[in-house]
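Working notes, beginning with the structure itself.
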Amino acid sequence: MKVATGCYNWIIFTGLFAVLFGLFALANLAFLAPAGIAALAALFLAVFFRDPERKIGEGIVAPADGKISRIDHPEEGYVRICTFMNVHNVHVNRAPMSGKVISVEHIDGKHIPAFDKDSDTNERVIIVMDTKIGNVKIVQIAGAFARRIVPYIEAGHTVEKGERIGIIRLGSRVDLWLPKEKVNLKVKEGDRVKAGETTIAEYG
């Protein structure tokens with residue numbers, strides 16, 4: 001099972017505790033329970049930060065696993081598709097379409113639960129891409145527990161549709177901004193999607 005880039009340290013650190021407590025348990029059985037707990041925690045993290053391969057879908061694909069929590073038009077000319085990521089979802093985010101990365105900007109902010117409307121002011125990373133339909137924006141938003149966004153790309157990079165672009169540890173929300181006159185949406189609020197796999201829009 002592949003583990004997401006940027007998450008190996010968490011698993012190694014927890015695994016080392018399991019080994020350490022296990023060695024102590026050879027001399028004192030009181031350490032057996034902590035060793036078991038640490039081992040289970042390492043296994044949980046390995047599953048939690050899994051990064052499975054995906055069969056890339058047609059058209060414009062979802063940038064994140066999760067549930068479409070909101071579709072709106074907060075800015076003239078654009079439609080925003082918000083995907084809320086639960087703890088059981090894969091947390092690796094993928095490029096919704098091919099293009100060149102114009103900018104990757106980290107903005108400090110709050111850590112309100114991602115499903116709250118006020119989460120628009122949360123800490124976030126804004127990725128702007130130049131694509132065949134114009135500029136597309138992907139916003140990775142931290143939540144109450146997800147306080148670490150790790151982008152895998154930089155300005156100037158050319159990415160392919162479905163390519164891994166970053167991870168939000170412990171889940172949260174990813175917003176995709178598309179030129180509304182250039183696309184036909186294929187999802188609605190409440191739909192569940194998979195990053196890189198589910199077609200969320202077709203070219204208009």
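Put simply, of Arg94, Arg54, Arg50, Arg80 the only residue that is at pLDDT below 90 and among the basic types (Lys, Arg) is Arg50. Only a single item in (1) farther than 16 Å from Ile138 by Cα; (2) in contact with a Lys or Arg (Cβ under 7 Å, 6 or more places away or on another chain); (3) of a type in the set (A, V, I, L, M, F, W, C) is not met by Phe24, and it is number (2). Can you report the number of residues in the stretch 43-92 which are part of a strand (DSSP E or B), charged (D, E, K, R) and surrounded by 15 or more Cβ atoms within 10 Å (Cβ to Cβ)? Residues flagged as part of a strand (DSSP E or B), charged (D, E, K, R) and surrounded by 15 or more Cβ atoms within 10 Å (Cβ to Cβ) within the stretch 43-92 amount to 4. If only residues of the stretch 14-40 that are buried (at least 18 other Cβ atoms within 10 Å of the Cβ) and among the aliphatic types (A, V, I, L, M) are counted, the one that is nearest to the chain's Cα centre (by Cα) is Ala38. Under the condition of being in a strand (DSSP E or B), surrounded by 24 or more Cβ atoms within 10 Å (Cβ to Cβ) and not polar (S, T, N, Q), the residues counted in the stretch 93-109 number 1.
Within this structure, Ile11 passes the test of being of a type in the set (Val, Ile, Thr), in a helix (DSSP H, G or I) and surrounded by 15 or more Cβ atoms within 10 Å (Cβ to Cβ).
The values are calculated or read from the model by the stated rules, or taken from the named source; none is laboratory data. As the structure is a prediction and not an experimental result, all values here were calculated from the model. Please note: Cβ atoms are built from the backbone with ideal geometry, for glycine as well, and neighbour counts cover all protein chains shown.
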